[in-house]
1. Restricting to segment 81-106, what's the tally of residues that are within 22 Å of Arg62 (Cβ to Cβ), touching a Lys or Arg at 6+ places or on another chain (Cβ under 6 Å) and surrounded by fewer than 24 Cβ atoms within 10 Å (Cβ to Cβ)?
2. Given the structure, is Ala128 in contact with a strand residue (DSSP E or B) (Cβ under 7 Å, 6 or more places away or on another chain) and closer than 15 Å to Asp188 by Cα?
3. With at pLDDT below 95, outside any loop (DSSP other than H, G, I, E, B) and crowded, with 21+ Cβ neighbours inside 10 Å as the only criterion, which of Gly140, Gly72 stands out?
4. Select from segment 163-174 the residues that are in a loop (DSSP other than H, G, I, E, B) and either under 27 Å from Arg73 (Cβ atoms) or modelled with pLDDT of 90 or more (or both) and list them in ascending order.
5. Could you tell me whether segment 16-29 includes any residue that is modelled with pLDDT under 90 and of a type in the set (Gly, Ala, Ser)?
6. How about segment 104-116: which of its residues are farther than 16 Å from Val197 by Cβ and assigned to a strand (DSSP E or B)?
7. Looking at Arg43, Arg34, Arg3, which is the one that is within 23 Å of the chain's Cα centre (by Cα), at pLDDT below 85 and of a type outside the set (A, V, I, L, M)?
8. Identify all residues within segment 165-200 that are under 21 Å from Pro132 (Cα atoms) and among the hydroxyl-bearing types (Ser, Thr, Tyr); write none if there are none.
Amino acid sequence: MYRFLLTPRWWGINVFALLAIPFCVFMGSWQLSRFEGHVRDHRSATEQAASARTEAPRPLDRLLPVDKATSGRQATATGRYAKQLLVPDRELDGRSGYYVLTLLRTDSGKALPVVRGWLPGTADAAKAPAPPTGRVTVTGALQASETPGDNGVSAQGGLPSGQTSVISAASLVNLVPYGVYDAWITLDKADPGMKAVPAKAPEGSGLDLKAFQNLGYTGEWFVFAGFVVFMWFRLLRREVEAARDAELGLAPQAPDATQVPDAPRAPEAPEERTTTV
């Protein structure tokens, strides 16, 4: 009854199933490992943020370049405040406002972007407190340069002079005649009249949409594997039932190909009738 499994058609079906099922299981396991990696990174970032609030700050140069291990760490730098910029369309506690960003010229000659605080409403240079004069030492959470599209950052163009939409060395270096660090810090205690901006988690370390997409793909691949198994058993069952019906004589028989059908008969000529006058 199961001799049909040795036919070329079923050899192809069996090989496909034997290759497809392990492949789907492998891809599902890989997507699951990606999701678990996001969970571990999220847990590490949370623990790191908690420890960063209690650890002693370290000099900026010892924490560069910024990566997942150093992002959010307490950094300190000394210099003089220079150019001040506003970063519009930034939310804090559910309210729209703007960052007050001031470049700190360090002893190296390069400038460190420092977010001194947040103010509500539309960006207005007249409302932003002026930076302290003279030599200052700042302490805050170290952050990586922003990338448009991440964490709600938009590459907004056409901004008025004195504003920037992205906090990054690539954008700020075009606004000042000196070098800029590929990093920035947000002060733990905002300057008077402003609210402190909390540090952001490192990119790719949170349970964001991409992480849950990996979890969704995991379920899809395992569903595909189950579908392959289901279809294989369904085809097998149908073949077995067809073979059993053929043994019992219940299957409809195909016409005999060797039997020659009767030739069509020519129509008979109509009978002639004679009429005697």
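1. Number of matching residues: 1.
2. No: the conditions fail for Ala128.
3. After ruling out the rest, the residue left standing is Gly140.
4. Passing the criteria: Thr164, Ser165, Val166, Ile167, Ser168, Val173.
5. No, because not a single residue in segment 16-29 is modelled with pLDDT under 90 and of a type in the set (Gly, Ala, Ser).
6. From segment 104-116, those farther than 16 Å from Val197 by Cβ are 105-111; that's our starting set.
Within segment 104-116, Arg105, Thr106, Ala111 meet the criteria.
7. Of the residues listed, the single one that is within 23 Å of the chain's Cα centre (by Cα), at pLDDT below 85 and of a type outside the set (A, V, I, L, M) is Arg43.
8. Tyr178, Tyr181, Thr186
The values are calculated or read from the model by the stated rules, or taken from the named source; none is laboratory data. Model, not experiment: these values are computed from the prediction. Every residue, glycine as well, gets a Cβ built from its backbone with ideal geometry; the counts of neighbours run over all protein chains shown.
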